[in-house]
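**Q** Questions regarding the structure given below will be posed in turn.
The values are calculated or read from the model by the stated rules, or taken from the named source; none is laboratory data. Because the structure is a prediction, the values reported are computed rather than measured. Glycine also receives a Cβ, built like all others from the backbone with ideal geometry; neighbour counts cover every protein chain displayed. Heavy atoms of the whole protein, side chains included, go into the accessibility calculation; ligands, DNA and RNA do not. Shrake-Rupley method; radii C 1.70, N 1.55, O 1.52, S 1.80 Å.
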Amino acid sequence: DEVIRVRNLTKVYRNGTQALHDIDFSAAAGETVVLLGANGSGKSTLQKCLNGLVAATSGSVNVLGTEVTSANKRQLTQVRQQVGMVHQRIHLVRELSVLTNVIHGGLGRAPSPRNWLSATAKKAQREEALEALNRVGMAHVAGKRAEQLSGGQQQRVAIARMLMQRPKIVLADEPVAALDPRAGRAVMDMLWDITEEHNLTLVCTLHQLELARDYGSRIVALRAGSLDIDAHISELADHQ
Ligand code: ADP
Ligand code: ADP
């Protein structure tokens, strides 16, 4: 039941930067993995290889049974639909309501005032969006404009929007780096609960080792593009 299987993955960017070197990495359904590593160690590149945003130079990237490196457009769309992303920078459309932002996550395209006018939300979509907002504790701000929310609230809304996609895998890239510690912890708690509840595979990059200790069942660390550590948190504690 491996949903991610990466073999001998190497990425050299066009300018010659070797971002990943011979990476082997797998994750099972429902597993949570914390991806650690200094800036520039290749964490983002690895995540982007998983959904084909970055093309592997060599090696194999299999996600949910699809070989991403040789996938056609339709297969790639299918993979991306099942892989939810949470970013450090939160991309909500500021001037639209929270509810509208979340509904458009389910429609699979960025909302703009224009396509919003043409696409009257169906009742079911509104209900599902409200349910997702409720799940992240944000139903009470559904009618507010996104720009009126705090950073932590916006990240919760972004997670609700991502849930509308009904992903099987969640890739979170420094999801709490821009938040204060308390808000960050609350967002992490929620992300953990939700992925567990739906048996989603979570691959979450963090740079705070403290957070990784609390949340990482399994720690994968990159160093200068190579896999440095792949261990359960309890094993790591033993080695210190
Ligand atoms: P790919 O091999 O995936 O097509 P490219 O090597 O073409 O990627 O780079 C994509 C873009 O990112 C280019 O426009 C490049 O200039 C830009 N870029 C270059 N260096 C960096 C960097 N260190 N971080 C982020 N983007 C960069
Ligand atoms: P991390 O997420 O751990 O900070 P990245 O995957 O962003 O690491 O970057 C790994 C290495 O690849 C770095 O040296 C970075 O500058 C380089 N890099 C990232 N994106 C590009 C790009 N598009 N083009 C060229 N080099 C890049």
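**Q** For the range 35-40, in order, what is each residue's ³J(HN,Hα) by Karplus, 6.51 cos²θ - 1.76 cosθ + 1.60 with θ = phi - 60°, in whole Hz (x at glycine and Pro)?
**A** Those phi angles translate into 9, 10, x, 5, 3, x Hz.
**Q** Could you pull out the pairs from Lys48/Lys73; Lys73/Lys168; Lys43/Lys168; Lys73/Lys123 whose alpha carbons sit more than 22 Å apart here?
**A** From Lys48/Lys73; Lys73/Lys168; Lys43/Lys168; Lys73/Lys123, over 22 Å: Lys73/Lys123.
**Q** A follow-up question, please. Provide the per residue accessible area, probe 1.4 Å, for the chain, rounded to a whole number of square angstrom.
**A** Accessible area per residue, the chain: 50 Å².
**Q** Give the long-range amide H neighbours of Val33: residues separated by 5 or more places, or on another chain, with amide H under 5 Å away, using H modelled in the peptide plane at 1.01 Å from N.
**A** Those qualifying (amide H under 5 Å, at least 5 residues apart or on another chain) are Leu202, Val203, Cys204.
**Q** Taking R0 as 51 Å, what FRET efficiency do you get between Arg223 and Ala124 from their Cβ-Cβ distance, rounded to the nearest 0.05?
**A** Working from the Cβ atoms, E equals 0.60.
**Q** Same structure again: Could you identify which residue out of Leu211, Leu36, Leu163 has the top mean-square fluctuation in a GNM of the chain using Cα springs shorter than 10 Å?
**A** Its mean-square fluctuation being the largest, the pick is Leu211.
**Q** Distance from a point 7 Å along Cα→Cβ of Asp1 to each backbone N in the range 45-73: keep the residues under 19 Å and list them by number.
**A** Answer for the range 45-73: 63-66.
**Q** Pick from Ile194, Ile219, Ile159: which is most flexible by mean-square fluctuation in a GNM of the chain where alpha carbon atoms under 10 Å apart are linked?
**A** Judging by the Gaussian network model, the answer is Ile194.
**Q** For the chain, what number results from the quotient of the Cα radius of gyration and 2.2 N^0.38 Å?
**A** Expressed relative to 2.2 N^0.38 Å, the Cα Rg reads 1.02.
**Q** Given a 1.4 Å probe and every protein chain left where it sits, what share in percent of the accessible area of the chain is carbon and sulfur?
**A** Here carbon and sulfur together make up 47 percent of the probe-accessible area.
**Q** Summing -39500 (n - 2.57) over the DSSP H runs of n ≥ 4 in the chain and dividing by its residue number, what mean residue ellipticity at 222 nm do you reach, to the nearest 500 deg cm²/dmol?
**A** -11000 deg cm²/dmol
**Q** What is the chain's relative contact order, in percent, from Cα pairs under 8 angstrom and six or more apart in sequence?
**A** RCO, the chain: 27 percent.
**Q** Under a cut-off of 19 Å between alpha-carbon atoms, report the aspartates and glutamates in cross-link reach of Lys144, not counting same-chain residues fewer than 8 places apart.
**A** Within reach: Glu95, Glu127, Glu128, Glu131.
**Q** Related question: Place the peptides 165-172, 76-83 in order of packing, highest mean first, counting for every residue the other Cβ atoms within 10 Å and averaging per peptide. Display every interim value, and only then the final one.
**A** Numbers: 165-172: 21.0, 76-83: 17.9.
With the highest mean Cβ count within 10 Å placed first, the list reads 165-172, 76-83.
**Q** For the chain, give me the percentage of DSSP beta bridges that are antiparallel, rounded to the nearest 5 percent. Present the calculation step by step, with values, prior to reporting the outcome.
**A** Numbers: 21 of 38 bridges.
Counting only bridges with both partners in the chain, antiparallel ones make up about 55 percent.
**Q** Taking the Cβ of Leu149 as the center, what net charge do the other residues with Cβ under 14 Å away carry, scoring Lys and Arg +1 and Asp and Glu -1?
**A** +3
**Q** Set the Förster distance to 35 Å, then compute FRET efficiency between Arg166 and His207 from the Cβ-Cβ distance, nearest 0.05. Mind dumping the intermediate values first?
**A** Values: r = 29 Å, r/R0 = 0.83.
Efficiency at R0 = 35 Å is approximately 0.75.
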